[in-house]
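Here the structure is laid out as structure tokens; the discussion comes afterwards.
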Amino acid sequence: FLLINQLYMTFKPLATSANQEARNNFLPSNDDKVLTMREWVLNEWDKVGQRETAYKIITCESNWKINAVNGNTNKTSDLSLYQFNTIHVKSGFIDLKCLSDYKCQTFKAIEMWKKQGWTPWVCLKYVN
């Protein structure tokens with residue numbers, strides 16, 4: 001519990017700041033169109049043919065909240081947009097700074113998806 005609390009206290013200020021930045025930050029694309037966080041994320045998943053499933057998974061996992069934190073019965077926590085487990089933080093697969101950046105964590109989620117498919121995400125059973 002102490003580790004989860006420590007991670008939460010470390011992650012919360014980063015995520016809150018990143019969440020505010022994500023809401024206020026619009027990204028110009030090549031055609032000068034501005035993209036919201038959601039549009040940018042879905043465009044990245046579209047590149048690998050997974051736009052619809054990614055939308056459903058993210059909506060189910062975090063409801064698009066970059067600062068989402070959920071505890072598990074095994075004393076781990078799931079963090080951020082994609083609900084990466086604290087096990088992934090401990091293993092070095094993803095760090096807290098990346099978890100506070102929707103672009104970084106999207107690239108990590110796509111990397112994980114390429115290796116394991118959608119099976120790491122609990123919400124897979126609800127979106128199929």
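The values are calculated or read from the model by the stated rules, or taken from the named source; none is laboratory data. Everything quoted here is computed from the prediction, not taken from an experiment. No Cβ is skipped: glycine too gets one built from the backbone with ideal geometry, and neighbour counts run over all protein chains shown. Ligands, DNA and RNA are excluded from the accessible area calculation, which covers all protein heavy atoms including side chains. Shrake-Rupley method; radii C 1.70, N 1.55, O 1.52, S 1.80 Å.
Scan region 108-125 and tell me whether some residue there is touching a Gly at 6+ places or on another chain (Cβ under 8 Å), touching a residue at least 24 places away in the same chain (Cβ under 8 Å) and not basic (Lys, Arg). The answer is no, given that none of the residues of region 108-125 is touching a Gly at 6+ places or on another chain (Cβ under 8 Å), touching a residue at least 24 places away in the same chain (Cβ under 8 Å) and not basic (Lys, Arg). Selection within region 33-76: residues that are among the small types (Gly, Ala, Ser) and not in a helix (DSSP H, G or I). The member of this set that is least open to solvent (accessible area, probe 1.4 Å) is Ala68. Name the single residue, out of those in region 96-116 being open to solvent by 20 Å² or more (accessible area, probe 1.4 Å) and in contact with a Cys (Cβ under 9 Å, 6 or more places away or on another chain), that is modelled with the lowest pLDDT. Across region 96-116, the extreme among qualifying residues is Lys97.
Within region 63-81, the set of residues being within 14 Å of Met37 (Cβ to Cβ) and in contact with a Leu (Cβ under 9 Å, 6 or more places away or on another chain) comprises Trp64, Lys65, Ile66, Asn67, Ala68, Ser80, Leu81.
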